[in-house]
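*Asks:* The structure's right below; bear with me while I get my questions together.
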Amino acid sequence: MKKISIIGSGTMGNGIAHCFAQEGFEVSLIDISKENLKNAEIKISKNLDRMIKKDILSPAQKKEILSRIYFYNKMERGVKNSDLVIEAATESKDIKLKIFKELDSLCKPQAILASNTSSISISEIALATNRPKKVIGMHFMNPVPIMKLVEVITGKNTSKETFEVIMNLSEKLKKVPVLVNDAPGFVANRILMPMLNEAILTLEQKVSGVNEIDTVMILGMSHPMGPLFLADFIGLDICLSILNVMHAGFKNEKYKPCKLLIDMVNNNELGIKSGQGFYDYSKGVKNKKIANRFL
Ligand SMILES: NC(=O)c1ccc[n+]([C@@H]2O[C@H](COP(=O)([O-])OP(=O)(O)OC[C@H]3O[C@@H](n4cnc5c(N)ncnc54)[C@H](O)[C@@H]3O)[C@@H](O)[C@H]2O)c1
């Protein structure tokens with residue numbers, strides 16, 4: 001494995017690109033949005049600066065890492081000769097099926113195609129290609145350069161060889177891969193999302209306020225961050241998509257997204273990435289304030 005391509009340069013894509021480039025791989029980062037590609041370049045550079053400040057990297061290493069990342073607006077050029085493509089585009093089944101169909105026709109036959117999907121069936125994504133043995137889930141956690149876990153999801157047809165290559169590769173990235181079978185939400189989001197949804201419902205029913213709900217879970221349950229801030233951090237659109245996939249997949253009301261979450265997504269209050277969620281990020285993430293509508 002030498003050349004890795006990543007589809008989607010948003011919250012997850014830029015972090016995945018950062019990690020592979022840091023471990024010496026040549027990386028292509030591909031996005032349909034030129035603006036998002038530019039933002040990804042800035043974000044990777046800032047994250048590397050933070051590592052320099054902490055004495056983890058030298059400025060020369062930063063330069064080397066950045067020199068290994070190439071940015072593309074068109075998939076065709078970006079995936080040429082890639083050994084592995086990791087799709088980290090918007091959490092929508094239609095978008096992902098279309099991307100995998102295209103990847104299958106553009107990539108060399110030996111290439112492995114992975115998805116960073118949080119909830120969508122890997123077996124179903126694999127059927128959009130003519131190489132289901134070489135399709136697998138590689139679910140990184142946010143923020144990718146910091147979080148150690150990768151859920152490795154095998155679809156019905158994923159081969160043992162593909163699985164082993166991806167487990168070894170995850171270890172080379174200094175991550176800890178965990179085998180998970182293909183089920184809506186896999187393990188991480190199946191457990192996490194009902195809790196985030198319940199926290200949002202608790203706010204919707206005015207049981208308590210934003211800061212109070214987050215404080216209860218931080219001080220009462222020793223969570224490192226409150227569920228409402230975590231939802232802003234993940235992206236409320238991503239949370240909604242994951243809950244919708246689990247609600248439809250399990251046909252169980254316990255995964256039904258609450259009204260406040262749906263309303264906020266419709267209002268483009270997506271959390272950190274749109275500048276507004278349960279908190280207001282217009283003055284930056286560190287200076288976040290509780291969004292006025294919840295005061
Ligand atoms: N946000 C999280 O905490 C998190 C954690 C783990 C996994 N994921 C998963 O990772 C994936 C990406 O999530 P994100 O939070 O980075 O989303 P995001 O909204 O931050 O970024 C998605 C990017 O994909 C791009 N895109 C959309 N369609 C495309 C296409 N056809 N070709 C190329 N680029 C395209 C968009 O322009 C955007 O830049 C989703 O499947 C999500 O479920 C997210």
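The values are calculated or read from the model by the stated rules, or taken from the named source; none is laboratory data. The model shown is predicted, which means the values in this text are computed figures rather than measured ones. Neighbour counts run over all protein chains shown; Cβ positions are idealised from the backbone, glycine included. Heads up: the accessible areas ignore ligands, DNA and RNA and are worked out on the full protein's heavy atoms, side chains in. Shrake-Rupley method; radii C 1.70, N 1.55, O 1.52, S 1.80 Å.
*Asks:* What do you reckon, is VAL216 of a type in the set (Val, Ile, Thr), modelled with pLDDT of 95 or more and outside any helix (DSSP H, G or I)?
*Replies:* So VAL216 does not fit the description; no.
*Asks:* I'm told LEU192 meets every condition in (1) assigned to a helix (DSSP H, G or I); (2) farther than 25 Å from ASP232 by Cα; (3) open to solvent by less than 50 Å² (accessible area, probe 1.4 Å) except one. Can you identify the failing condition by its number?
*Replies:* With (1) assigned to a helix (DSSP H, G or I); (2) farther than 25 Å from ASP232 by Cα; (3) open to solvent by less than 50 Å² (accessible area, probe 1.4 Å) applied to LEU192, the lone miss is (2).
*Asks:* Here is a list: LYS254, LYS273. Which entry is in a helix (DSSP H, G or I), within 19 Å of the chain's Cα centre (by Cα) and not hydrophobic (A, V, I, L, M, F, W, C)?
*Replies:* Of LYS254, LYS273, the one residue that is in a helix (DSSP H, G or I), within 19 Å of the chain's Cα centre (by Cα) and not hydrophobic (A, V, I, L, M, F, W, C) is LYS273.
*Asks:* Residues LEU97, LEU113: which one is buried (at least 24 other Cβ atoms within 10 Å of the Cβ) and in the same structural domain as ASN36 (by TED's automatic domain parsing)?
*Replies:* LEU113
*Asks:* Which residue, of SER9, SER5, SER45, SER28, is in contact with a Cys (Cβ under 9 Å, 6 or more places away or on another chain), in contact (Cβ under 8 Å) with a residue 12 or more places away in the chain and either of a type in the set (Gly, Ala, Ser) or not assigned by TED's automatic domain parsing to the domain that holds LYS96 (or both)?
*Replies:* Residue meeting the stated conditions: SER5.
*Asks:* Does SER170 satisfy the criteria of being small (Gly, Ala, Ser) and open to solvent by 40 Å² or more (accessible area, probe 1.4 Å)?
*Replies:* In short, no.
*Asks:* Considering VAL165, VAL207, VAL176, which residue is under 25 Å from MET264 (Cβ atoms) and more than 14 Å from the ligand (Cβ to nearest atom)?
*Replies:* Of VAL165, VAL207, VAL176, the one residue that is under 25 Å from MET264 (Cβ atoms) and more than 14 Å from the ligand (Cβ to nearest atom) is VAL207.
*Asks:* Filter segment 212-234 for residues that are of a type in the set (A, V, I, L, M, F, W, C) and either open to solvent by 60 Å² or more (accessible area, probe 1.4 Å) or without any contact (Cβ under 8 Å) to a residue 40 or more places away in the chain (or both) and give the result.
*Replies:* ILE213, VAL216, MET217, ILE218, LEU219, MET221, MET225, LEU230
*Asks:* A follow-up question, please. When VAL176 is evaluated against the numbered criteria (1) under 17 Å from the mean Cα position of the chain (by Cα); (2) farther than 22 Å from SER28 by Cα; (3) surrounded by 15 or more Cβ atoms within 10 Å (Cβ to Cβ), which criterion, by number, is the only one it fails?
*Replies:* (3)
*Asks:* Oh, and also: Scan segment 169-187 and give yes if some residue there is at pLDDT 95 or above, polar (S, T, N, Q), touching a helix residue (DSSP H, G or I) at 6+ places or on another chain (Cβ under 9 Å) and not in a loop (DSSP other than H, G, I, E, B), otherwise no.
*Replies:* For segment 169-187, residues at pLDDT 95 or above, polar (S, T, N, Q), touching a helix residue (DSSP H, G or I) at 6+ places or on another chain (Cβ under 9 Å) and not in a loop (DSSP other than H, G, I, E, B): absent.
*Asks:* Here is a further query. Considering only segment 139-160, I want to know if a residue exists there that is of a type in the set (Ser, Thr, Tyr), surrounded by fewer than 23 Cβ atoms within 10 Å (Cβ to Cβ), within 16 Å of the ligand (Cβ to nearest atom) and not in a strand (DSSP E or B).
*Replies:* No, segment 139-160 contains no residue that is of a type in the set (Ser, Thr, Tyr), surrounded by fewer than 23 Cβ atoms within 10 Å (Cβ to Cβ), within 16 Å of the ligand (Cβ to nearest atom) and not in a strand (DSSP E or B).
*Asks:* Ok, one more. Restricting the search to segment 242-265, which residues are open to solvent by less than 50 Å² (accessible area, probe 1.4 Å) and either among the acidic types (Asp, Glu) or closer than 15 Å to MET195 by Cα (or both)?
*Replies:* Once the filter is applied, which keeps residues that are open to solvent by less than 50 Å² (accessible area, probe 1.4 Å) and either among the acidic types (Asp, Glu) or closer than 15 Å to MET195 by Cα (or both), segment 242-265 yields ILE242, LEU243, MET246, HIS247, TYR255, PRO257, CYS258, LEU260, LEU261.
*Asks:* Could you tell me which numbered condition ASN268 fails, if it satisfies all but one of (1) at pLDDT 95 or above; (2) within 15 Å of the ligand (Cβ to nearest atom); (3) open to solvent by 10 Å² or more (accessible area, probe 1.4 Å); (4) not in a loop (DSSP other than H, G, I, E, B)?
*Replies:* Of (1) at pLDDT 95 or above; (2) within 15 Å of the ligand (Cβ to nearest atom); (3) open to solvent by 10 Å² or more (accessible area, probe 1.4 Å); (4) not in a loop (DSSP other than H, G, I, E, B), only one is false for ASN268: (4).
*Asks:* Let me ask something additional. Just to check your reading of the model, which residue among ASP237, ASP280 is open to solvent by less than 70 Å² (accessible area, probe 1.4 Å) and either assigned by TED's automatic domain parsing to the domain that holds SER118 or without any contact (Cβ under 8 Å) to a residue 40 or more places away in the chain (or both)?
*Replies:* ASP280
*Asks:* Within segment 53-72, does at least one residue satisfy the condition of being buried (at least 18 other Cβ atoms within 10 Å of the Cβ), of a type in the set (A, V, I, L, M) and under 26 Å from SER105 (Cα atoms)?
*Replies:* Yes.
*Asks:* Separate question: Suppose we keep only residues that are open to solvent by 60 Å² or more (accessible area, probe 1.4 Å) and hydrophobic (A, V, I, L, M, F, W, C) within segment 9-52. Which one would you say is nearest to GLU76 (Cα to Cα)?
*Replies:* ILE32
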